[in-house]
Structure formats: structure tokens, C-alpha cells
Amino acid sequence: MLNLAVNLLILFGAPLLFVGVINRTKALWAGRRGAPFVQPFHDFFRLLRKGTVISDTTTPVFKLAPSVNLAAVILAGLMVPLAGGGAIVSFEGDFVLFAYLMAMGKFARVLAAMDTGSSFEGMGASREALFSGLVEPAFFLLMAGCMAIAGQTSLADALPALQRSGGLLQVALVLGVISFFIMLLVEGCRVPVDDPNTHLELTMIHEVMVLDHSGPDLAFLQYAAALKLVIVGALIAALVLPPAAPLGVSAALLLLVLAAVAVATGLVESVTARLRMTHVSQFVFLMTSNGLIVLAVVLLFKFGGLR
């Protein structure tokens, strides 16, 4: 019961703090003091208190999409290994449901953007669908490599398998971490894939899709985006943290890894510019390439007699 309470607290409390660490890192890198770490919490609750303005041209799909998106991301988060090495919900083949719950949230956002009848939001929706379509096969390739070693098909059992000793598997582990970090930048709509602070029409993806949302609906969308950062950060932690650590130690290490990932995200946004739209797909394809290499290395390790 304590394990469940700790994991729920991390899952639902860490997202906004994660964004706060990113923003503070960017501010310090730019020589500014920056907003407090808890500023995203104030922004979230301020939006919850505001009213909602809905265009007459939209249908109920537009109103339902933020709630469906948030619910899908929360359900996906329940399957991610957290403190104690286990997930809140875990079963064989859960990685498939995890991937398609994440896709369901994107589908709801794309429908809402298209429902506005705006060609501008339609442009962002088409870009979101394209880049998400590139990430999904890479995720399955990475999971295939982990499952080949672990002999298990759940996220909680398969991801720690790459921690086994061996030079080749250490290479696969590093590539897996890099791939999940790329996935975090894509899913979280961060630089160099997207810029959450931009208002330049021709380069926006996620931001243009939420322009017509306001009040609690906008709060749900922003919270879901932050939650996805924590979810993918937890996947990175599952690759590098020992699964059998005591609950207190595991929770502390998980928060430390999430903080490190948040700082790394802030540093990437501080030292790199947003890629040209024609180059974003090439950047995302790096994750697919890494996934192929990880799968090849694992198969050589398991069936080729290499160590």
C-alpha cells in the first residue's frame, strides 16, 4: 500500500515540478534568476479557476479531447516502472497498450485541432501525426531488444534487462537511454523538435494545436504534456536504476534521475536552436536507427555467442 501511495505521489506530483526544473535551468543558463520551481503549479491552478471559451464552429469533440487526452496519458503512466522497480499496473504485453494509449491521447488532440476548422491548427496536427508515427516503430524496436534479453513482455520486467554486464549490452544501454531522451523531446514538444514558448506560426506544432483551448481544458492539455515528460523520464530511469532497491532508496534515485533528465532537457533547449521542419524527421529517425542497433546488438549477444 505504501508503494502504491509513493508511486502515485511521484506520478501526479512530479510533472509540474519537472517543467519547473526545465524552466529554471533555462533561466540560469541565460543569466536570469527565473521563476520559482513551483510556478507551473500556480499556472495550473490559475487555469483551473478560469472560464472556458469555445468557438461556435466546434463540436463536442473539441470539448472532450483534453479530458480524453489526459485520461489516456494517466493510464499509460500507470504502466511505467516507478519506485520499487514495479509499475502500478503491470501485465504481459502491457507495452503494446502503453504505446496505443499514448497514441490515443495524440489522436484526441489531433481531432480537436481539426475540429476547429482552422487550416493553421490542421498544419500543426499533421506535423504531430507525422513525428508521432516516426517515434512509435522506434519504441517497439527498443522494446523488442529488451524483451529478447529479459524473456518478458512487460515494461517493468523488460527494461531493466539491458543492465546486465557485458560490453555490447552496455552499448545497447547507452543507445536506449539516448533513444528515450529523443522520445522525450518529441513527446514533450521540446527543442529541437518544437518550442513550447514560440509564437512563430510556421514552426509551431503543439502550441498551435492548443490555441483555441482555454481555462481547465488548457490546464489539462498542459498537465498531460508535462506528465508525458515524467513518463518517458521514468522509462530512462528504468534502464539505469537497480530494480531491487528498497522503496525509499528507489524513490530517491528515481527523483534524482528525473531531475537530471529535466536539467538535461533545459540545457538542450538553452544551447540548441529549433530544427528546420524538414530536418525534424531526420532527427526523430535517429531514435529508429538506435532501436535497430539495440535490437541487433541484443540478438548478437543472445544468439551470436558474443559477450
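The values are calculated or read from the model by the stated rules, or taken from the named source; none is laboratory data. Quantities reported herein were computed from a predicted structural model and do not represent experimental measurements. Please note: Cβ atoms are built from the backbone with ideal geometry, for glycine as well, and neighbour counts cover all protein chains shown. The area values use the complete protein model at the heavy-atom level, side chains included, leaving out ligands, DNA and RNA. Shrake-Rupley method; radii C 1.70, N 1.55, O 1.52, S 1.80 Å.
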- Task: Over the chain, with every protein chain in place, what whole percent of the accessible area is carbon and sulfur at 1.4 Å, could you tell me?
- Result: 70 percent
- Pop a pseudo-label 7 angstrom from the Cα along the beta-carbon direction at both Ala260 and Phe45 and give the gap in nm to one decimal. 3.2 nm
- Let me know the shape class of the range 1-155, please: from the alpha-carbon gyration tensor, a ≥ b ≥ c as square roots of the eigenvalues, rounded when a/c is under 1.5, otherwise prolate if a/b is greater than b/c, or oblate. oblate
- So what is the accessible area of the chain per residue, in Å², with the probe set to 1.4 Å? 43 Å²
- Listed candidates (i) 19.8, 69; (ii) 19.2, 65; (iii) 18.9, 61 - label of the one calculated as Rg and Dmax of the Cα atoms in Å: (ii)
- Message: How much of the pair distance distribution for the range 194-255 lies past 18 Å, counting alpha-carbon pairs only, in percent?
- Response: 54 percent
- Message: For a quick check: with amide H placed at 1.01 Å from N, whose amide H comes under 5 Å from Ser118's, ignoring anything fewer than 5 positions away on the same chain?
- Response: none
